[in-house]
Amino acid sequence: MNSTTKHIPVLLKETIDGLNLRPGDTVVDATLGGAGHALEIAKRFGRDIHIVGIDVDGASLRRAEVKLKKIGAFYSLIHSNFQNLERILGEKGITRVQGIYFDLGWSIDQFESGGRGFSFQKDEPLSMTLGDNAADYKFNAHQIVNEWDEENLRSIIESYGEESHAYRIAKGITTARANGTIRTSGQLAEIINSSVPKYYTWRRIHPATKTFQAIRITVNDELNVLKSSLGSAYNVLESGRMVEVISFHSLEDRIVKRTMRDWDDEEKGKMLTKRPITASSWETNLNPRSRSAKLRIFQKK
Ligand SMILES: C[S@@+](CC[C@H](N)C(=O)[O-])C[C@H]1O[C@@H](n2cnc3c(N)ncnc32)[C@H](O)[C@@H]1O
């Protein structure tokens with residue numbers, strides 16, 4: 001299996017330092033991905049830390065395993081959505097963990113070779129499910145784009161994409177599909193491109209970026225999953241230990257911030273990051289994706 005990765009882990013030192021791990025600990029990487037963070041733990045602690053790596057994407061998990069094995073890490077891998085956290089840890093006989101972190105979103109490897117229509121720079125069938133099993137999802141991107149009415153389309157593009165041209169894009173999609181089914185990510189990107197005003201196509205980000213984000217969030221129910229999973233993370237965490245979340249857009253960060261602030265108010269522990277930790281200019285130069293990353297840390301009482 002080819003384990004090469006283009007994904008560069010974000011806020012690596014900050015995330016691992018923030019966990020304050022000790023030999024003998026079990027730590028959960030809820031979004032193993034390219035194992036960038038997990039490998040750093042293995043480098044620092046060798047086999048003294050048990051890393052439980054979760055990912056909903058089987059291909060990511062297989063790529064990560066090659067690397068973890070090579071470095072001689074002490075790990076267990078679980079192919080699942082992190083919304084099942086408590087149950088899947090329970091099935092492994094793990095009732096308490098000494099750290100847990102989420103690095104949300106997806107890795108560049110999934111973007112480039114996932115084949116599920118995540119990228120508007122590729123021409124792939126529109127699925128956008130993060131997991132491998134289509135039956136786990138109520139609908140996929142193809143259904144949203146071809147079957148949802150214009151008002152529902154506008155609503156998700158506006159709320160989950162925070163897209164100011166949601167109305168035009170929703171109209172563009174329903175007009176285009178009247179002439180034939182929209183089958184691929186490339187087709188969808190082209191429709192979005194021709195629906196927005198000309199000036200919008202000259203900006204740094206592609207005009208389809210926000211709409212693709214909105215559809216992906218909807219297909220994977222990402223915001224509800226995040227909310228409930230933070231509660232599970234708190235439940236499985238040992239007293240005095242840290243839960244950390246790296247998020248990449250304001251909708252996720254708002255959920256993380258509110259949840260941690262509520263826990264703090266309820267005296268369930270302490271939000272260690274009143275302001276999120278962000279990437280240094282050194283890191284953003286090296287990895288432009290890190291520009292939007294925000295790390296928040298909560299310590300359980
Ligand atoms: C940004 S990547 C993680 C990268 C990793 N920290 C690294 O540095 O290599 C996010 C990973 O989380 C996975 N993921 C996203 N949502 C998930 C969910 N609800 N349950 C489990 N895994 C999820 C994605 O499949 C992806 O592999």
Inset, instruction - Check whether at least one residue in the range 204-212 is open to solvent by 50 Å² or more (accessible area, probe 1.4 Å), in a helix (DSSP H, G or I) and either without any contact (Cβ under 8 Å) to a residue 60 or more places away in the chain or of a type in the set (Phe, Trp, Tyr) (or both), and report yes or no. - result: yes
Legend entry - Filtered residues of the range 155-173 (kept if open to solvent by 50 Å² or more (accessible area, probe 1.4 Å), part of a helix (DSSP H, G or I) and not hydroxyl-bearing (Ser, Thr, Tyr)): Glu158, Arg168, Lys171
Inset, instruction - Could you check Asp25 against (1) acidic (Asp, Glu); (2) within 13 Å of the ligand (Cβ to nearest atom); (3) farther than 22 Å from Ser290 by Cβ and say which number it fails? - result: (2)
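Just give me the residues in the range 46-74 being within 21 Å of the chain's Cα centre (by Cα) and more than 10 Å from the ligand (Cβ to nearest atom), in sequence order.
Applying the first criterion (within 21 Å of the chain's Cα centre (by Cα)) to the range 46-74 yields 51-65, 67-68.
Within the range 46-74, Ile51, Val52, Arg62, Glu65, Leu68 qualify.
Being touching a Phe, Trp or Tyr at 6+ places or on another chain (Cβ under 6 Å), more than 21 Å from Lys300 (Cα to Cα) and not assigned by TED's automatic domain parsing to the domain that holds Phe212 is the requirement here; does Leu68 meet it? Give the derivation first.
Numbers: touching a Phe, Trp or Tyr at 6+ places or on another chain (Cβ under 6 Å): yes; more than 21 Å from Lys300 (Cα to Cα): yes; not assigned by TED's automatic domain parsing to the domain that holds Phe212: yes.
Considered against the rule, which asks whether it is touching a Phe, Trp or Tyr at 6+ places or on another chain (Cβ under 6 Å), more than 21 Å from Lys300 (Cα to Cα) and not assigned by TED's automatic domain parsing to the domain that holds Phe212, Leu68 comes out as yes.
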Legend entry - Failed condition for Tyr200, given (1) open to solvent by less than 60 Å² (accessible area, probe 1.4 Å); (2) of a type in the set (Phe, Trp, Tyr); (3) in contact with a helix residue (DSSP H, G or I) (Cβ under 6 Å, 6 or more places away or on another chain): (3)
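The values are calculated or read from the model by the stated rules, or taken from the named source; none is laboratory data. Not measured: the values here are computed from a predicted model. Here Cβ is always computed from backbone atoms with ideal geometry, including for glycine, and neighbour counts include all displayed protein chains. Surface areas here come from the heavy atoms of the whole protein model, side chains and all, with no ligands, DNA or RNA. Shrake-Rupley method; radii C 1.70, N 1.55, O 1.52, S 1.80 Å.
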